[in-house]
Every structure is written in C-alpha cells, then in structure tokens.
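First up is the structure itself, then whatever we jot down about it.
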Amino acid sequence: MESATGMKEEIFELADRVNRISVSQTMMVLQEAERYKARGVDVADFGPGEPDFPTPEHIKLAAIKALEENRTKYTATPGIAPLRQAVCDWHAAQLGSSYQVTECIVTSGGKHAIYNAACALLNSGDEVIIPAPYWVSYPDIVKAADGTPVFVETRAKDGFRLRAADLEKALTPKTKIVIANSPSNPTGAVIPPDEFARILEVCKRHDTWLLTDECYSHFTYGDAKPYSVASLPGSKDWLIVAGSLSKTFAMTGWRIGYALAPKPLVDAMTKLQSQSTSNPNSITQYAALEALRGPMDSVAAMLAEYARRRERILAGLRAIPGVTCTTPEGAFYVFPDISKHLDAGAADSTAMARVLLEREHVAVVPGDAFGAPGHLRISYATSMERIEEGLRRLTRFFGRAA
C-alpha cells in the first residue's frame, strides 16, 4: 500500500515492552506549555521538575577545560575512575556511607541508574513495591523491565511518608525491589531516619532489595536534613542507591547520575550499560568531577530561595477555598488536593490541568500521573514573580469555580 506521498507504508507491530509503557506525563505537560509559549502566550509554568538556577560557573569551566584538553574519547563503561572515586568520597562526606569504586557506576542521569538496576534484577512476574504518590517513571521503568508494579498508598495525614508497617503488609514472595524516594517527587515527603531504618529491616527480613532514590537529597527544609539509609551499618547487602547531579548542582541537561550497590550488581549493570548506552558523556563526566570535588555554596543559595518560595506558594494555595495542601519537607514541589473543585467540566485532575492551561494559561502536572487522583503537582522552581502571577490565576480560576 502506498501513502499520499507515494512512499510505501509499512505495517509493523511494536514490542510488548513499548506497548505496556506510556510517555512521561511531565514531558507531555512541558511540551504542551511550550506550544502555548511558541504562540506568544504568557504561561505561568509550574510544570518543570528542574532548578531554575544556572549550573555553577566552576562546573561549566571544567567542561570547557575538558573540551580544550580533547577529553572527547570513549571512557570506561561505568565512568572514569576519578569520578567514581569522587562519587564515593562525596557520598561518604555528605551522607555517611562507605562505598568503594567497584561498588559505583556512573550513568546518564539518575533515571538511567534506576532503569539499569531494574533491568539487571527483574524477571517476568517479579514485583516492585512503589509508594503512591510516586514519580511518574517508576511504574513504566518496572514494566519495561518485565516487572509488575505494586502500589502502597501513603496518606496526606502522615505527610505522604512511607511507613514500614504498611510496606510489610504489601510484601509477597514475588517482591524483588522496594522503591523509596525521599525527599519525594511529587509530594516533598521526607522519610524520617528511624522510619527508614525500620523500612530497611523489613527488606532484610524478606530478603528484598531496597532502592533509595536520593535525587533531591540536599533540598530539605526545617528539621529535615539530608540523609541516606546507606549510612546505617550493615545496609549495603540489601541496598541500591540511585543518585543524580541534576538537582543538587543544577545540571539536569548534562545527564549524569550514579548508582551505589554491591559489586556483583554494579558489574551486571555495567554489562547492561556496555551493550546499550556505553559510557556517559565524557565532557559531562569531567564537569561532574568538578561538581563533586568543588564548593557547594550554590546548593545553600538555591535552598534558601526555594524555602522562601515554598512559604509563599503554600500560603497562596491555602488561601483558596476548597484547596488543601500538606507541607513539603523537601524537593521543590507542592501537591495540593483540589478534589473539591472537580465537576462535570473537569472530572479528574488530568482534565483540570488541561482546563487550567486553556483558560488561565497555568501549566501544572495532574495528580493522576503520580497515582494520586484529585491532586496537582506544582513546582516552585520558578521565580517569585511567576509564582505570584500563577497564584493570582489559580485564585481567580478556583474562585470562579467555587
């Protein structure tokens, strides 16, 4: 059969691993917001899950130096040895762990580390416990790796924190991995150290891997502090640490992350990486080396500004009738409950997000994407001026709907 252009149309069948996953909802929101912006529309964009700060200058200069020194060749698949050592040293200094270079792999972002671990461990029928609300990619990564996602609901009254008692009820003989994301995307929930220790003990008793996603480790507020369960003695045999430089060092587009895990698992992930992406970008590796060895003043500056924005956006949202919102202890998101405003015109949060963009030109991510109907994820990784404008539009919209 030929198309209108005269070219032959191929009829083909996609693989099951592609058919059972979906496109990231956050990327879809970003793309839709960009389409509005391209038409000249002023969008109050609360969608991006990335810092609005530039990569620190000393990191950018390290990348330029690496280019000038022609560091543009292949590197070792798991990353250059100095960077792997720097990851171990930084994690030890900042979060109290004790990993060796052979227990570290550098990846093309934190998502890549999680994907490698899932592909290295999961067989068909293996279950992965994912606390809900969850980061949008967890279920699809598990499905792509032939696993089965199993969701454990967390509660707003508990600050959306995973509890060991709830986890233990969900474990079965098929459970292979438990994912813990603290601070959490989308809720900003932070699991307290004593609860994290109980979660680890549950995993140990059931001989189950605990994958701790520490992407937002250094963005915590109030009494919450950067913490890794890897700091606990005897934790390493059951633990996979997935980390990223994207948020901490404002390097989202550089695509650099890492995993810390027992050497046999790191070796398996390296084997997988050698036959897929090969080494992470060489120039990015040298920039990451400078990030981990250099000053961290930028982190404190970002955190102070995020704390200021968090207070303002929480106050603004809580002033809207019918909207409730837990206080995030980490990351840079708020996760308001807008379920009282759902109606025939917007029957769920996906429809609500679409209507908000169409009528008020406010971009948010629907809670449905995170396994949390009736909620919206709002990022405050944007300027205070844009936060004020977005709050004005949200107040007007929900005031009209009330």
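Worth pointing out:
- Selection within segment 98-137 - free of Cβ contacts under 8 Å to residues at least 40 places away in the same chain and under 15 Å from residue 242 (Cβ atoms): 115
- Of the numbered criteria (1) open to solvent by 20 Å² or more (accessible area, probe 1.4 Å); (2) outside any helix (DSSP H, G or I), the one residue 280 fails is (1).
- Of all residues in segment 104-131, those being open to solvent by less than 30 Å² (accessible area, probe 1.4 Å) and part of a helix (DSSP H, G or I) number 8.
- Any hit, segment 318-340, residues being in a helix (DSSP H, G or I), buried (at least 21 other Cβ atoms within 10 Å of the Cβ) and touching a residue at least 24 places away in the same chain (Cβ under 8 Å): no
- Test: residue 55 is among the β-branched types (Val, Ile, Thr), touching a residue at least 60 places away in the same chain (Cβ under 8 Å) and closer than 22 Å to residue 267 by Cα: no
- A Cβ distance below 9 Å, combined with a sequence gap of six or more or placement on separate chains, defines the contacts here; from segment 208-236, residues that are under 18 Å from residue 187 (Cα atoms) and of a type in the set (Lys, Arg) reach residues that are modelled with pLDDT of 95 or more and open to solvent by 40 Å² or more (accessible area, probe 1.4 Å) in the pairs 225/193.
- Those residues of segment 140-156 which are without any contact (Cβ under 8 Å) to a residue 24 or more places away in the chain and either open to solvent by less than 10 Å² (accessible area, probe 1.4 Å) or within 17 Å of residue 172 (Cβ to Cβ) (or both), in sequence order: 149, 152, 153
- All positions within segment 29-58 that are assigned to a helix (DSSP H, G or I) and among the hydrophobic types (A, V, I, L, M, F, W, C): 29, 30, 33, 38
- Any chance residue 162 is touching a His at 6+ places or on another chain (Cβ under 6 Å), buried (at least 16 other Cβ atoms within 10 Å of the Cβ), in contact (Cβ under 8 Å) with a residue 24 or more places away in the chain and not β-branched (Val, Ile, Thr): no
- Segment 237-277, subset open to solvent by 50 Å² or more (accessible area, probe 1.4 Å) and among the charged types (D, E, K, R), residue farthest from residue 297 (Cα to Cα): 271
- Candidates 16, 45, filtered to the one that is of a type in the set (D, E, K, R) and open to solvent by less than 90 Å² (accessible area, probe 1.4 Å): 45
The values are calculated or read from the model by the stated rules, or taken from the named source; none is laboratory data. Predicted model only: the values in this text are computed from it and were never measured. Every residue, glycine among them, receives a Cβ derived from its backbone with ideal geometry; neighbour counts consider all protein chains shown. SASA here: full protein model, heavy atoms, side chains in, ligands and nucleic acids out. Shrake-Rupley method; radii C 1.70, N 1.55, O 1.52, S 1.80 Å.
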